[in-house]
Amino acid sequence: MNGSGSPLDTLTTALQGDEPGSRRAIARLISQIEDDPEAARTIIERVHQHTGQAHVIGITGAPGSGKSSLVSRIAAAYRHRDITVAIIAIDPTSPFSGGAILGDRIRAQTLSGDAGVFFRSMATRGSLGGLSRATGDVVALLDACGYARILVETVGAGQSEVDIASQAHTTLVLQTPGSGDDVQTLKAGILEIADILVVNKADLYGAAQMANILAAMLELAPTAETDAWSPPIVLTTATIGKGIGELVDAIEEHVAYLYQSGKKELLDRRRAGRQMSDLLQQALWSRCLACVGHAQFDHAIDDVVARRIDPYSAVERLLARMPRIETACRM
C-alpha cells in the first residue's frame, strides 16, 4: 500500500500539488477504507492535514421519500454554480447474503461524465443509525480531495436514523405528504436533528398540510438561544426539479450562518469528539479481547446466560484480568 505508484501515493502527490486527485485512486482508497481498518488509519494519517474545507450535507428520511432523486438534483444545482460535489449513498446490507444494492450505478446516470462530481455507494454492513462504519473516513478522504460539498444520503430507516447529525454540518430531513399517520411527524427523534425540513413530492395532495404541521411543530420547539437557527421548510418535487434552487439557497444560508455564528467550529469539534470516542471504544475493546481471550469471554457469556453471574459483575471480572488498564484508569 505504501509502495511507489500506489493509490495513496498518487493521491498524496496530487494533494501536495493542489491538483485534483485521481478518481480511480480515490475509488480504490475508499475500498481499502471499507475493507481494512489498518489501511483506513494509514490513509487518514496521510490526508488529514488536507481536510477541513468541505461542507458536509446529510440527507435523511423514510424510505420512499425521494432522497436519491433529490440528491441528484442538488448535485446538479451545485454543478450549475460551478461547485464540486461528492455523493456518498449508504445502501442497506442484505441480512441473508451480506450484499447490498449499490445505487451509484443508477444515480450516476444523470451526472455521468462530469469531472466535478464523484459518486460512491457504501453498504451499511450491519451498522445501525443509517450510516456505514467507514462513512467518517470516506468523508475525510473526499474532503481532502477538494470536493466543496459532500452529500451523504442515509439508508432511510425512519426515526432511528439520527447518526447523520454527528457527521454532517447541515442535515436535511425529508417528509412526504400522504405517507401515513401525520402524528408520526410530531414524535421526538429524527426531526430534532433537522437544519432544513424538506417536503418532497410537493405535487401530491396534502403537501401544504404537511408543511403547516411542520411549521406548528417548530413553533412549539423550545430554544434558549436568541440567535438559534430556525429550520426553514422547503417544498420540492425532485422528479421535475421544482424547488431545488430554493433548497440549495437554504443550504447555503445555513453554511453562512454556521460561519458567522461561530458554530462551524463547534460542529467540527463535535464530529472529531464523536469519531475519537468511537475509535477509542474500538481500540479498548480490541485490546480487552486480546488480553482476556475469546475463551474467557465466551465463558463469561455462558455464566450470564446460566444466571450464575450478572452482566455487570461479569464485566468487572473480565476487567480484573487487565491490571495495567485498571491501574492506568486510577491514576
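The values are calculated or read from the model by the stated rules, or taken from the named source; none is laboratory data. Since the structure is predicted, the reported quantities are computational estimates derived from the model, not experimental observations. Cβ atoms come from the backbone with ideal geometry, glycine included; neighbour counts cover every protein chain shown. Side chains included, ligands, DNA and RNA excluded: accessible areas come from the protein's heavy atoms. Shrake-Rupley method; radii C 1.70, N 1.55, O 1.52, S 1.80 Å.
Below, the figures for the structure above:
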quantity: Meets criteria (farther than 28 Å from Ser68 by Cβ, modelled with pLDDT under 95 and open to solvent by 60 Å² or more (accessible area, probe 1.4 Å)) for Leu289; calculated: no
quantity: Answer residue from the stretch 43-63, given it is surrounded by 16 or more Cβ atoms within 10 Å (Cβ to Cβ) and of a type in the set (S, T, N, Q) and is nearest to Val173 (Cα to Cα) among those; calculated: Thr60
quantity: Filter result for Leu111 (hydrophobic (A, V, I, L, M, F, W, C), over 14 Å from the mean Cα position of the chain (by Cα), open to solvent by less than 30 Å² (accessible area, probe 1.4 Å) and modelled with pLDDT of 60 or more); calculated: yes
quantity: Close pairs from the stretch 272-301: first outside any helix (DSSP H, G or I), partner hydroxyl-bearing (Ser, Thr, Tyr) and surrounded by 11 or more Cβ atoms within 10 Å (Cβ to Cβ), Cβ under 6 Å, at least 6 apart; calculated: none
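Residues checked against (1) under 22 Å from Ile57 (Cβ atoms); (2) in a helix (DSSP H, G or I); (3) under 21 Å from the mean Cα position of the chain (by Cα):
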{"site": "Asp203", "(1), (2), (3)": "no, no, no"}
{"site": "Gln209", "(1), (2), (3)": "no, yes, no"}
{"site": "Asn212", "(1), (2), (3)": "no, yes, no"}
{"site": "Glu219", "(1), (2), (3)": "no, yes, no"}
{"site": "Val248", "(1), (2), (3)": "yes, yes, yes"}
{"site": "Val255", "(1), (2), (3)": "yes, yes, yes"}
{"site": "Leu267", "(1), (2), (3)": "yes, yes, yes"}
